[in-house]
Structure formats: structure tokens, C-alpha cells
Amino acid sequence: MANSPVSPSTNDDSAENAAHGKGRPTPSRAEQEAARKRPLVANTKEERARARAELQARREKARVGMEKGDDRYLPVRDKGPQRRWVRDYVDAGWHLSEWVMPMMVLVIIASLVPNVAVAYWSFLVLWVYIIFAVGNMIFLGVRVKRKAAEKFGAERREKGLGWYAAMRSLQMRFMRLPKPQVKRGQYPE
């Protein structure tokens, strides 16, 4: 036993545990679970009102941040410097496609006229307009991809920029989110 390590005496052990112990018995499992339990939803009227007010404040802050184009509040679809550049490029121009919805409303109104010829020609004009608008969207997408490749580099250009530009141009300017940050004619470099 001369080679075995020396263990401290049992007297020293109890004195050390008393100095560093928690000084209370370990709670049972049921007591621990009961202490952790709390309602998932607020159970008092005041707590529910406070939770509702906090949620509303967070949503309002996120809405304002998204309108301003703050990357923290944007969905993944809209994040990044390339997407911001595309938004600014689209918002700076005039596009046929943003007037498709007003044209459709005019056609609906024209179709209410009891004259069949008016309804026929209004639908024909609408379809011709839609064809031109789709062509404008295609040219916009190609132009955006080419200019983004020049600005950010062809190998670093994100995928989907042309589609993103075309879909943004389809929305009427005042309905776009994030809100336009540039005036018409202020194309980004």
C-alpha cells in the first residue's frame, strides 16, 4: 500500500463540504417541474394587454424598418446590396408594366358599357398592352442583369436579379415594399 495515493481524511472532507455546500436539500423532481411551470399565454388581463402591446410595437417597428429598406427587417428575398441596387434602378424608371392594374380596371369599366364593340376593343387593347408590358419586363430584366454584372462583377452577380426587377416593375410605385428610396430619373451608378 505504500505505492497507493494518499486520500484525505474523512474529517477534512466533511468540513470542506459544509463550507462549500448549498446548505439545503436537493428539491425533488416534482418540485423542480412545478417551479419551471408557467403559462404559455398570459393568464391575467394586464399581462395579455402588455403582451399584445409589446407585439404590436415590435410589428410596427418591423413595418417601418421594412418600408425604409433596413436590411434587418427585410425578408430574405429583398436583402443585400445587389437587391437594393436593383430596387433603386427599377424605382428610378417608368415602366409599362406598373400600369397593367389600372388598365384592367378601365377594361372592367368599359365592359360594363352595353355596347359589345366597346367591350371587344377594350379587351383587345388590354391584351396588346399586356404584350408590350411583358416585353418591357423582359428587356428590363436583361438590362438589369447586364448592368449588375458590370457593377458587381459577372461572377459575383446574384441569381434572380432580372426576375426580381421584372416583378418589382409590375407593382405600382406607391404599393412597392420596401418603399422606393429614389425619385424617378435618379438611376444608381
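The values are calculated or read from the model by the stated rules, or taken from the named source; none is laboratory data. From a predicted model like this one, the values you see are computed outputs, not experimental measurements. Please note: Cβ atoms are built from the backbone with ideal geometry, for glycine as well, and neighbour counts cover all protein chains shown. Accessible surface is based on the protein model in full, side chains and every heavy atom, while ligands, DNA and RNA are left aside. Shrake-Rupley method; radii C 1.70, N 1.55, O 1.52, S 1.80 Å.
Below, the figures for the structure above:
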read-out: The listed residue being out of contact with any His (no Cβ under 7 Å at 6 or more places or on another chain), at pLDDT below 95 and β-branched (Val, Ile, Thr), out of 76, 90; value: 76
read-out: Condition met for residue 165 (without any contact (Cβ under 8 Å) to a residue 24 or more places away in the chain and among the small types (Gly, Ala, Ser)); value: no
read-out: Close pairs from the stretch 118-136: first surrounded by 13 or more Cβ atoms within 10 Å (Cβ to Cβ), partner small (Gly, Ala, Ser), Cβ under 7 Å, at least 6 apart; value: 118/110; 119/110; 119/111; 122/110; 122/111; 133/97; 136/97
read-out: Candidates 76, 107, 90 - the one that is among the β-branched types (Val, Ile, Thr) and open to solvent by 100 Å² or more (accessible area, probe 1.4 Å); value: 76
read-out: Evaluation of residue 77 against (1) without any contact (Cβ under 8 Å) to a residue 12 or more places away in the chain; (2) not in a loop (DSSP other than H, G, I, E, B) (one fails), failing number; value: (1)
read-out: Per-region count, the stretch 139-189, residues farther than 30 Å from residue 104 by Cβ, open to solvent by 50 Å² or more (accessible area, probe 1.4 Å) and either under 23 Å from the mean Cα position of the chain (by Cα) or among the aromatic types (Phe, Trp, Tyr) (or both); value: 4
